[in-house]
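Asks: Dumping the structure here so I can ask a few things about it.
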Amino acid sequence: MFKFVWASVLKPADDGRLYQKMGLTLREVFAGGQFHFVGSARQTHDQPEGVVFHPIYSFSRRSLRRLLANVQFGWLLWRVRPDWIVVATVELLPAVVLYRCFSRCRVVYDVQENYALNVLHTSVYPRWMRRPLAWLLRLVEYAASFWLSGYILAERCYAHQLQKLIAQKPWVVVENTCLPCVPLPQHRLQPEGQSAAPIVCLLSGTLSPSYGTEQALLFFERLQASCPQVWLWVVGYCPEPSYRPRLKQRLAALPQTKWEGIDYFVPQARIQACYTQAHWAWLPYPVHGAFAERIPSKLFDCVAFQLPVLMAENEHWQAFLDSFPTKVGLCVPFAQADTFDYAEWVATWQQTAFFTNSFDPAPVLWSETAPRLVAFFQKLAAQGDTR
């Protein structure tokens, strides 16, 4: 009987990618195995047969308690003694390497972030800390690479950004395509014909200045002057405790807003239910080194749910939007909220038709991506020890 351990730190033990997508997909392939999922507090109460959750982490992004994450994880590995480890965060690699020195298990690194770039280009850490921390993270990844069996890349751009790191091991791109938790709509939700009818815009997922949340709120504030019927729903989790009170105050001061979450993770099923009730999704990610080439997972979700998106201007995101046979969204300069011509833009998007053709969501669904993941693990299993 195979034992799998899937591990992250800041994400829930029943995370959408590690558990709901990859874990449950491989559970059908490795029938009869035990699947252990490690992370923070769970979002749901599901307990499928053969699945064990370990919500052992409970701290913020910059908490000193994160220094003990490896100790907790290492102790769990010695108790479970897995045959496979899928680790989704760089800080757990030291514990994995130590365990691998005394075990013949296979280790797969699920690269969900380019951590060094994230540290350099976001404001989570003080400026003086960013460069040495980025260097340390990359050093850990290179040092651990000898003990890894392979890599899963959550973004296509990682194939060239991390080319030297992954060159000597098998790797596969497994994007965060949409796994519907609620039924997909047959047609997109259209605003009602009356000019005064509400137009609901949805800002969901990670809420942080580094993810463009402040720019989105300023954009919404300015947009209301030209489009007074617009509403903003904010549904998601804020990983920065110091920003949460400020975000709540900001939302309370803005008319026609409502929010859910902020202090806690919002289950994916709830966010997807909001997709079916909104008219627009806002993805205001800033265009810098950490985000510029990535395709956000919410973009796959919104397209699958036929929810038009507003994204920051970026050639990579524009190319993705243009790859569909029908109009699925627009790029706007969220960063230029003070100088943007809202009246002209509102007139333009009100005349634009979205999802007009017979739309097939298959290319953005997890059911199209899963076979690639299964084939990769079957290949690793057939190779034996790939160190």
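Asks: Do you know which of the residues in the range 307-354 that are of a type in the set (Gly, Ala, Ser) and outside any helix (DSSP H, G or I) is farthest from Leu232 (Cα to Cα)?
Replies: Filtering first and then ranking leaves Ser323.
Asks: Further, regarding this structure: Going by the structure shown, is His288 touching a residue at least 12 places away in the same chain (Cβ under 8 Å) and within 24 Å of His160 (Cα to Cα)? Before you say what the answer is, go through the steps one by one.
Replies: Working: touching a residue at least 12 places away in the same chain (Cβ under 8 Å): yes; within 24 Å of His160 (Cα to Cα): yes.
Taking the combined requirement at face value, the residue satisfies it.
Asks: Moving on. Check Ala116, Ala154 and return the single one that is surrounded by 12 or more Cβ atoms within 10 Å (Cβ to Cβ), over 30 Å from Val346 (Cβ atoms), at pLDDT below 95 and small (Gly, Ala, Ser).
Replies: Selected residue: Ala116, the only one of Ala116, Ala154 that is surrounded by 12 or more Cβ atoms within 10 Å (Cβ to Cβ), over 30 Å from Val346 (Cβ atoms), at pLDDT below 95 and small (Gly, Ala, Ser).
Asks: Now for a different question. Could you tell me which numbered condition Ala31 fails, if it satisfies all but one of (1) in contact with a Ser or Thr (Cβ under 9 Å, 6 or more places away or on another chain); (2) more than 18 Å from Leu148 (Cβ to Cβ)?
Replies: (1)
Asks: Which members of the range 117-128 meet the condition of being over 22 Å from the mean Cα position of the chain (by Cα) and either assigned to a loop (DSSP other than H, G, I, E, B) or not assigned by TED's automatic domain parsing to the domain that holds Ala88 (or both)? Lay out the reasoning, then the answer.
Replies: Narrowing the range 117-128 to residues over 22 Å from the mean Cα position of the chain (by Cα): 126-128.
Listed by number, the list holds a single entry, Pro126.
Asks: Next question, about the same structure. Using the structure shown, decide if Pro241 is more than 21 Å from Tyr19 (Cβ to Cβ), of a type outside the set (Gly, Ala, Ser) and part of a loop (DSSP other than H, G, I, E, B).
Replies: Numbers: more than 21 Å from Tyr19 (Cβ to Cβ): yes; of a type outside the set (Gly, Ala, Ser): yes; part of a loop (DSSP other than H, G, I, E, B): yes.
Spelling it out, Pro241 is indeed more than 21 Å from Tyr19 (Cβ to Cβ), of a type outside the set (Gly, Ala, Ser) and part of a loop (DSSP other than H, G, I, E, B).
Asks: Oh, and also: Would you pick out the residues in the range 209-263 that are among the hydroxyl-bearing types (Ser, Thr, Tyr) and touching a residue at least 60 places away in the same chain (Cβ under 8 Å)? Explain how you work it out, then say what you get.
Replies: Our first condition is that a residue be among the hydroxyl-bearing types (Ser, Thr, Tyr); within the range 209-263, this holds for 210-211, 213, 226, 237, 242-243, 257.
Scanning the range 209-263 gives Ser210, Tyr211, Thr213, Ser226.
Asks: Okay, next question. For the structure I just gave you, tell me whether Gln224 is farther than 30 Å from Ala41 by Cβ, outside the structural domain of Asn314 (by TED's automatic domain parsing) and modelled with pLDDT under 95.
Replies: Numbers: farther than 30 Å from Ala41 by Cβ: yes; outside the structural domain of Asn314 (by TED's automatic domain parsing): no; modelled with pLDDT under 95: yes.
When the stated conditions are applied, Gln224 does not pass them.
Asks: Return yes when Arg131 is part of a helix (DSSP H, G or I) and over 23 Å from the mean Cα position of the chain (by Cα) and no when it is not.
Replies: Working: part of a helix (DSSP H, G or I): yes; over 23 Å from the mean Cα position of the chain (by Cα): yes.
Judged against the criteria, Arg131 is a match.
Asks: While we're on this one: Going by the structure shown, is Pro245 surrounded by fewer than 16 Cβ atoms within 10 Å (Cβ to Cβ) and either at pLDDT 90 or above or hydroxyl-bearing (Ser, Thr, Tyr) (or both)?
Replies: Numbers: surrounded by fewer than 16 Cβ atoms within 10 Å (Cβ to Cβ): yes; either at pLDDT 90 or above or hydroxyl-bearing (Ser, Thr, Tyr) (or both): yes.
Yes; evaluated as a whole, the condition is true for this residue.
Asks: Further question on the same structure: May I ask you to list the residues in the range 104-116 that are over 23 Å from Tyr19 (Cβ atoms) and either part of a loop (DSSP other than H, G, I, E, B) or within 16 Å of the chain's Cα centre (by Cα) (or both)?
Replies: Within the range 104-116, Arg104 is the sole residue that qualifies.
Asks: Can you confirm whether the range 48-61 contains a residue that is surrounded by fewer than 22 Cβ atoms within 10 Å (Cβ to Cβ), farther than 23 Å from Phe377 by Cα, touching a Lys or Arg at 6+ places or on another chain (Cβ under 7 Å) and among the aromatic types (Phe, Trp, Tyr)?
Replies: Yes, the range 48-61 has at least one match.
The values are calculated or read from the model by the stated rules, or taken from the named source; none is laboratory data. Everything numeric in this text was worked out from a predicted model, so none of it was measured. Reconstructed Cβ throughout: ideal geometry from the backbone, glycine too, with neighbour counts over all protein chains shown.
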